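For reference, the structure is listed below as structure tokens.
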């Protein structure tokens with residue numbers, strides 16, 4: 001399984017992905033699910049994937065090869081973020097076409113966020129069919145993969161005008177909840193924060209299990225929750241009868 | 001959808017169920033999913049259901065009718081909680097047998113908790129196939145239905161020796177998280193707390209949307225979480241690059 005979250009906020013874009021893949025619980029491996037494309041000063045595209053690893057790797061590899069070979073309509077030549085999402089969707093359909101007669105689910109889904117010079121930043125959720133929706137101010141984040149455990153904290157705390165720094169904390173807490181409840185999501189986490197209109201392609205950061213900051217906020221969060229729970233008033237007596 | 005949680009703790013048993021059923025989001029209704037059986041002073045059985053409503057209603061109705069008619073092997077005549085779980089599983093298989101040639105999923109699952117005089121309280125998770133597992137001190141709770149949103153708080157805060165009062169708060173917070181993130185789970189909630197070895201069958205309580213206690217802890221919890229999140233240290237600067 002996988003868990004990826006991406007946010008399109010007033011100040012910028014935030015991406016966090018786990019890196020665990022599994023074919024059964026006895027076959028677990030680490031694969032990066034956060035991929036960065038773009039040309040410094042002109043464009044940035046961040047792609048996250050969930051689902052069949054062969055399919056998502058094929059899509060990412062084709063996108064990269066076609067940039068290298070300057071093939072017609074490659075990712076660095078698109079005019080808008082919408083066209084970039086179209087290209088990812090079309091590449092996904094192209095890969096899946098080969099396996100359409102097999103009775104197996106090879107599908108995957110993507111989150112694509114980024115910005116092209118002179119345009120606003122965008123974030124798309126690209127479905128296994130290759131069609132997609134865009135994040136808005138009302139719904140500033142998307143998740144793919146094992147999304148349910150980590151959704152409540154995002155629903156409570158994340159808004160379009162949340163600062164990038166707080167949004168990143170919020171994303172990491174969302175991962176903490178998911179990792180605790182689901183073995184198939186695991187560290188290291190890949191994270192990347194893009195400041196709107198900067199057109200600087202950030203290196204991003206990989207957080208391992210022993211990351212001091214991640215462990216600090218994990219334990220503070222856990223203690224904080226216990227305290228809040230302990231401070232809630234007890235149920236009225238007639239709830240017991 | 002549905003969300004039910006049941007806990008088997010040192011002091012007693014805690015059950016909370018939502019009451020929303022839906023066939024599509026445009027067909028929502030309220031049905032009780034928490035059913036109480038037993039003989040005051042002798043036995044108590046609490047049954048929660050998730051899944052196909054026709055199936056779960058049929059199982060509950062057959063169990064009740066057979067108690068009324070004193071049919072052989074009815075629920076109030078079983079010797080152990082294990083036998084009670086067997087009976088629920090067998091009744092489920094009996095109901096599903098009628099539809100086995102249809103290519104539709106009519107399955108459902110149950111949580112069954114209770115106690116029989118002279119024996120320890122037990123809690124079973126009964127699968128759609130009719131087989132089941134028992135809660136233990138290591139794993140003192142079960143969920144059925146839309147369980148993922150509300151699992152993290154249980155994993156963090158609930159232990160076998162958690163007090164009933166705290167466990168109930170914890171269960172209600174788990175419902176709050178689920179209700180916020182998933183439309184298909186909704187109030188009223190049915191809750192019931194059984195004190196081990198009391199053999200008093202509690203009436204339980206139904207919490208509506210305007211329940212003052214539930215709303216108090218919902219808002220305190222939400223504010224508390226925001227505060228804990230706000231107090232976490234900001235990410236190191238090199239996380240941004």
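Take each residue of peptide B:152-159, count the partner chain Cβ atoms within 10 Å of its Cβ, and average: the result is 5.
Using a 7 Å projection from Cα along Cα-to-Cβ, the label point at residue A:206 is separated from the same position in the remaining copies by 5.6 nm, smallest value first. The value of relative contact order for region B:123-241, using C-alpha pairs under 8 Å at least six residues apart, is 15 percent. Over region B:3-209, Cα pairs under 8 Å with separation of 6+ residues give a relative contact order of 32 percent. Remark: A:27, A:159 ranked as A:27, A:159, counting other beta-carbon atoms within 10 Å and listing the fewest first. When a/c reaches 1.5 or more, the comparison of a/b and b/c decides; with that in mind, is region B:133-241 rounded, prolate or oblate per its Cα gyration tensor? Taking the square roots of the gyration eigenvalues as a ≥ b ≥ c, region B:133-241 is prolate.
Cα centroid separation, region B:171-234 to region B:90-153: 22 Å. The order of B:211, B:18, A:101, going from fewest to most other C-beta atoms within 10 Å of their C-beta, is A:101, B:211, B:18. Considering only chain A, the C-beta nearest to the rotation axis that sends A to B is found at A:148, 2, the distance in whole Å. Ranked for footprinting exposure by Cβ neighbours inside 10 Å, fewest first, A:14, B:95, A:200 give A:200, B:95, A:14. Working from Cα pairs under 8 Å separated by at least six residues, relative contact order for region A:1-105 is 17 percent.
A simple spin-label model places pseudo-atoms 7 Å from Cα toward Cβ; at residue B:65 and residue A:161 they are separated by 6.1 nm.
Quotient of the Cα radius of gyration of region B:94-187 and 2.2 N^0.38 Å, N being its number of residues: 1.29.
With label points set 7 Å from Cα along Cα→Cβ, the inter-copy distances at residue A:133 are 3.3 nm, sorted shortest first.
Take residue A:104, push a point 7 Å out from Cα through the beta-carbon direction, and compare it with the same point in every other copy: 3.3 nm, smallest first.
Over all directions, how big on average is the projection of the convex hull of the alpha-carbon atoms in the protein assembly as shown, in square nanometres?
On the way: hull surface 98.8 nm².
Projected area, direction-averaged: 24.7 nm².
Computed over chain A with a Gaussian network model linking Cα atoms closer than 10 Å, the most mobile of A:151, A:79, A:98 is A:98. Where a ≥ b ≥ c are the square roots of the eigenvalues of the C-alpha gyration tensor, would you call region A:1-99 rounded, which needs a/c under 1.5, or, failing that, prolate if a/b is larger than b/c, or oblate? Judged from the Cα gyration tensor, region A:1-99 comes out oblate (a/c at least 1.5, b/c at or above a/b). Extending 7 Å from the Cα toward the beta-carbon at both residue B:129 and residue A:99 defines two label points whose distance is 2.7 nm.
Evaluate peptide B:218-231: per residue, the Cβ atoms of other protein chains within 10 Å of its Cβ; return the mean as an integer. Working shown, then result.
Values: counts 1, 0, 5, 6, 3, 1, 7, 9, 3, 3, 12, 12, 3, 4.
Per-residue shielding by partner chains comes out at 5.
Using all pairs of distinct alpha-carbon atoms, the Kirkwood hydrodynamic radius of chain A works out to 18.9 angstrom.
Given a Förster radius of 56 Å and the C-beta distance between residue B:26 and residue B:227 as r, what FRET efficiency does 1/(1 + (r/R0)^6) yield to the nearest 0.05?
0.90
Remark: mean inter-chain Cβ contacts per residue of A:176-188 equal 2, using a 10 Å Cβ-Cβ cutoff to other protein chain atoms. Computed from the C-beta positions of residue A:42 and residue A:195 and an R0 of 22 Å, the FRET efficiency is 0.90 to the nearest 0.05.
Each value in this text was obtained by applying a stated rule to the coordinates, not by laboratory testing. Remember, it's a predicted structure, so these values are computed and weren't measured experimentally. Counting neighbours? That spans all protein chains shown, and the Cβs are built from the backbone with ideal geometry, glycine included.
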